[in-house]
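Asks: For reference, the structure I am asking about is given below.
Just so it is clear, none of the values below were taken in a lab; they were calculated from the coordinates. These numbers were taken from a predicted model, which means no experiment stands behind them. Here Cβ is always computed from backbone atoms with ideal geometry, including for glycine, and neighbour counts include all displayed protein chains.
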Amino acid sequence: MFDKDALNKLNSLKDKLPKEQKVKKSPALSNDFVPLVGSLTDKEEFSAKKSKKQKLFTEIFLKEGNPTPEEAFKCLRSELVRMRQRGIKIVRVIHGYGSSGRGGEIKRQMAFELELLLNDGRIESFISGEKFNCLNTDAVDLVNRFIELKKDPDYRFENPGITIVVL
């Protein structure tokens with residue numbers, strides 16, 4: 001049974017965080033994923049250092065706030081650096097695919113941007129959501145290497161709105 005006072009206090013503290021620091025989590029994701037939106041607070045960073053089991057997976061919501069492609073890729077580059085420093089190995093980038101009738105430019109430029117990062121040695125590899133399935137040998141190799149990826153809700157469903165990045 002949950003202590004209602006403690007739960008209310010936790011909720012009131014969460015509401016005091018600036019909007020860009022609130023953590024959003026897709027309900028379909030397993031507990032092996034730790035999504036990051038904005039920067040971690042000192043308290044969160046301290047608790048992350050204290051935790052015994054290091055999380056190796058996270059996600060970035062690039063489409064949050066409807067950024068321009070330039071803004072989105074600037075955010076992507078800085079977040080990938082921070083995640084690598086924290087020891088995160090797999091990043092699930094949610095960029096959308098332009099289903100709203102406009103946009104889709106981030107999706108169209110994602111492979112080009114990631115190829116640049118790959119050639120610079122900033123990432124190890126990446127797989128677009130359309131290829132993240134059990135018929136693609138690169139995806140199967142990645143899932144065999146990081147077995148927790150089998151729990152990803154988009155594995156096998158060819159989601160064009162995501163890209164998996166290996167740091």
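Asks: Just to be sure I understand the curve: with the Debye formula and one point per C-alpha of the stretch 59-167, what is log10 I(q)/I(0) at q = 0.23, 0.24 Å⁻¹?
Replies: So the normalised log intensities work out to -1.38, -1.46.
Asks: For each of C134, C75, count neighbouring Cβ atoms within 10 Å of the residue's Cβ, then give the residues from fewest to most. The partial results should precede the final answer.
Replies: Values: C134 11, C75 16.
Result, fewest neighbours first: C134, C75.
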